[in-house]
1. Starting from the 7 Å offset along Cα-to-Cβ, what nm value, one decimal, do you get for the label separation of Asn95 and Asp21?
2. Return the Cα extents of segment 2-104 along principal axes one, two and three, sorted largest first, each rounded to a whole Å.
3. Please compute the contact order of segment 2-104 in relative form: average sequence separation of alpha-carbon pairs under 8 Å and at least six residues apart, divided by the residue count, as a percent.
4. At 0.36 nm per residue, and after removing the present C-alpha to C-alpha distance, how many nm does the segment from His182 to Lys78 gain when stretched out fully?
5. Over 24 Å between Cα atoms, which of Lys103/Lys178; Lys86/Lys185; Lys71/Lys178; Lys74/Lys147; Lys77/Lys103 qualify?
6. With point charges of +1 on the Cβ of Lys and Arg and -1 on the Cβ of Asp and Glu, referenced to the Cα centre of segment 2-104, which listed residue (Ile72, Ile98, Gly32) lies farthest in the positive direction of the dipole?
7. Packing-wise, with mean Cβ within 10 Å as the measure, how do 89-99, 21-31 rank, highest first?
Amino acid sequence: MHSVNCQKSCYAIYNNFMERDDRQLIADTLNGNDDAFAFLVHRHLSAVYNFAYRFGGREEADDIAQETFFKIWKNLKKFRPEENFKTWMFQIARNTTIDHMRKKRDITFSKFENEEGENFLEETLADTEPLADEIFARAEKEKHMEKMFAELPPLYREVLILHYQNNFTFEEIGQILKKPLHTVKSQHRRALILLRNILGGSTSKQNLKDVL
């Protein structure tokens, strides 16, 4: 009987959290409700882990996700209610991922593009107006596509992940990456060019979402 009552109580608490938005859960957490933060993690863990997996790699994904939520908890008082929590969260997730990648020395951040978004590669790429609908139509299998996607420079890969996997607008991506809107759009465009050159095919936006 005690077990049944406990299950009902836990279910009621879960439903209560389900009805609360991120800002309310943050307020509850700051008021000392640890269960509220646990539910906040539960709500966003998959998105953060998938971003870390795609951008940072499988081996680092678990550590990146854990460290991201630790930093969120540690800095929760700095979150401003007028901000979009998801955007703020992905800023932390991105910075944490980059820190891990720098430690591994797997990437060179100056490769292909500078802070102003200028890229020496652009002049060598054919077709200056690619559309996402045109890329990958002849792609072979999902595993092959993932392999090709992994060949993109990180600064292009993250724009595609944020836009197609996490459904951020270009404006929101600009906030996360702290880059002007025109730079984000340019990186998205160049990423599509590179993907088409890497794959030698084209695909639809829906296929791109499926891969990511």
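1. Here the answer is 2.4 nm between the modelled labels.
2. On the principal axes, segment 2-104 reaches 50, 32, 18 Å in Cα extent.
3. It comes to 24 percent, rounded to a whole number.
4. Going from the current span to full extension adds 34.6 nm.
5. Over 24 Å Cα-Cα: Lys74/Lys147; Lys77/Lys103.
6. Toward the positive end, the furthest listed residue is Ile98.
7. Ranking, from highest mean packing down: 89-99, 21-31.
Read-outs: derived from the displayed coordinates by stated rules, not from any lab. Computed from a prediction, not measured in an experiment: that's the story for all the values here. Reconstructed Cβ throughout: ideal geometry from the backbone, glycine too, with neighbour counts over all protein chains shown.
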